[in-house]
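Beneath this line is the structure, given in structure tokens, with notes to follow.
The values are calculated or read from the model by the stated rules, or taken from the named source; none is laboratory data. What you are looking at is a predicted structure, and each value in this text was computed from that prediction instead of being measured. Cβ: placed from backbone, ideal geometry, glycine included. Neighbour counts: every protein chain shown.
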Amino acid sequence: MKKLRLAIIIIIGIFTISSVLAIFFVSYNALTKESIALFGEYQLALTQEAGKRFADWIEKLYGEIYWLSRFLGDTSEEAWLPLMQDTWERIRSGNKRTIKEIWLLDKEGKGKLILPIDAGDFFIGRSFSYRAYFKRVKKTLQPELTLPFIGNDGRYRIALVVPFKKDGKFNGVIGISLSPETLYRSQFHFLRLGQGSQMALADKEGNVILSPMYIGEKISLLKEKEKLYPLNSRVIRGKIFFGRRGLSPHSIIAYVPLHLFGYSYTLLAFTPQQEALLFPMSVLRLPLVFTFIAIGFIILGFYSFWERMKMSDKLYKLSVTDGLTKLRNHHNFYTILPREIKRAERYNRPLTLIMSDVDGFKKYNDTYGHLEGDKVLEKIGEILQKSLRAGIDSAFRYGGDEFAILLPETSVEEARKIAGRIRENFADEGLSLSMGVVEWKKGWDEKTFVREADRALYKMKKAK
């Protein structure tokens with residue numbers, strides 16, 4: 001009997017420990033999958049923000065070169081060097097490590113002018129007509145961001161190249177040589193999400209233009225293991241291959257399309273998946289001999305679940321909130337808007353959208369500086385939060401100094417009164433707001449709704 005009792009106790013003990021461990025393994029796998037998915041959403045939101053920031057920087061640089069190309073086309077060659085020197089000094093302000101040279105090729109592809117002047121020995125008179133970007137720009141008359149090439153100092157360069165015309169005909173190319181290393185650091189390095197995380201910008205053929213490690217290489221394959229979101233194909237768990245080299249182990253990969261000057265690019269962020277886990281796999285290597293280990297696993301499971309819930313709330317708030325104004329962000333706007341439209345359509349209730357921006361904000365920034373401009377945006381966030389119904393209305397920072405306000409159960413007349421109160425409260429700050437108010441109409445989708453609100457906004461701005 002004693003042996004039978006001992007056997008029964010051992011069997012019960014083994015069954016108990018096995019059950020506890022089985023429950024733990026199931027819970028662990030579920031939590032791991034959820035944590036990776038949430039991390040992927042957060043990484044995607046940061047990648048989208050970085051892509052917008054990079055595109056804005058390139059567009060601003062292009063604006064300077066575009067006007068230079070117009071001036072060169074309208075003046076004689078004797079005036080070209082002073083014009084280039086003026087542009088060179090202006091664009092180098094604050095970007096000395098990133099912007100390396102400004103240069104001019106004639107219509108035959110020969111080096112005509114270059115700044116700084118000490119680079120002229122390598123450049124002046126040399127033919128660059130064989131370069132692929134010169135052939136494309138000459139044919140399409142469109143600007144482009146080139147693939148990496150080796151500069152005269154032996155380091156990689158990329159260039160923003162812009163055609164210029166004289167008497168309506170192609171007369172050459174203006175180029176700005178950029179250092180990929182410093183450009184990457186200034187635009188993307190602050191977005192590190194963990195050890196081994198990095199970003200890469202590639203063209204539609206997979207050629208890497210910006211990357212801390214893989215510049216000049218080619219993304220040959222994105223090997224997907226699983227999608228993290230059924231409704232979001234831009235976040236996956238898988239492997240990324242540069243040539244024949246695959247990053248190991250599996251990574252959380254978020255990718256965002258960018259469109260610059262009519263060309264398509266992809267901005268990727270990839271992080272080793274272990275950086276997204278809430279607790280390490282080493283926990284599972286502990287000896288499984290004594291009963292107290294099972295109890296320890298139970299405690300650890302409850303603790304990890306609690307920490308997971310807190311992390312989930314924190315990451316969700318970060319992914320939907322604008323850090324400066326504390327309002328909801330652009331990404332969250334297009335999550336909530338379709339839901340409110342469906343509700344308004346189902347119950348035949350009014351839904352109003354207000355699009356707003358700050359009049360003369362760029363001039364204010366130029367006069368008082370970006371720190372003062374940030375204070376204005378923070379004040380707008382406070383005013384909007386105080387002016388709206390908590391839990392019903394929603395305010396968003398749409399982008400830059402643009403804001404969107406979504407008012408369910410509110411007619412256009414009531415919304416105009418709300419907009420008036422907001423403008424009066426903000427007028428105390430010495431600036432003014434323009435606000436376009438429009439009520440949703442049956443049959444409108446999200447894009448139409450936003451477009452009509454934008455039209456109302458610009459109509460008001462034009463009337464001022």
_Could you go through the range 161-171 and let me know if any residue there is without any contact (Cβ under 8 Å) to a residue 24 or more places away in the chain, exposed (fewer than 13 other Cβ atoms within 10 Å of the Cβ) and assigned to a helix (DSSP H, G or I)._
no
*Checklist (1) closer than 17 Å to residue 334 by Cβ; (2) without any contact (Cβ under 8 Å) to a residue 40 or more places away in the chain applied to residue 423, failing item*: (1)
_Is it the case, given these coordinates, that residue 129 is part of a helix (DSSP H, G or I), of a type in the set (S, T, N, Q) and either under 28 Å from residue 203 (Cβ atoms) or out of contact with any Phe, Trp or Tyr (no Cβ under 7 Å at 6 or more places or on another chain) (or both)?_
no
*Return the residue satisfying two criteria in turn: it lies in the range 96-115 and is buried (at least 17 other Cβ atoms within 10 Å of the Cβ) and without any contact (Cβ under 8 Å) to a residue 24 or more places away in the chain, and of such residues it is nearest to residue 155 (Cα to Cα).*
114
*Condition test on residue 140, is it among the polar types (S, T, N, Q) and modelled with pLDDT under 90?*
no
*asked:* Of everything in the range 416-445, what is exposed (fewer than 14 other Cβ atoms within 10 Å of the Cβ) and out of contact with any strand residue (DSSP E or B) (no Cβ under 9 Å at 6 or more places or on another chain)? Give them in sequence order.
replied: 417, 421, 424, 428, 430, 441, 442, 443, 445
*Return yes or no: is residue 354 closer than 23 Å to residue 48 by Cβ and not polar (S, T, N, Q)?*
no
*State yes or no: is residue 73 out of contact with any His (no Cβ under 6 Å at 6 or more places or on another chain), more than 30 Å from residue 186 (Cα to Cα), surrounded by fewer than 18 Cβ atoms within 10 Å (Cβ to Cβ) and at pLDDT below 90?*
yes
*If you check residue 154 against the conditions, is it closer than 24 Å to residue 202 by Cα and either outside any strand (DSSP E or B) or at pLDDT 85 or above (or both)?*
yes
*Would you check which residues across the range 314-352 are under 15 Å from the mean Cα position of the chain (by Cα) and acidic (Asp, Glu) and list them?*
322
*Could you list, in sequence order, all residues of the range 52-107 that are in contact with a Leu (Cβ under 8 Å, 6 or more places away or on another chain) and part of a loop (DSSP other than H, G, I, E, B)?*
75, 98
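Quick check on my filter: what residues within the range 366-415 are of a type in the set (Asp, Glu), more than 22 Å from residue 339 (Cβ to Cβ) and surrounded by 20 or more Cβ atoms within 10 Å (Cβ to Cβ)?
Across the range 366-415, the qualifying residue is only 401.
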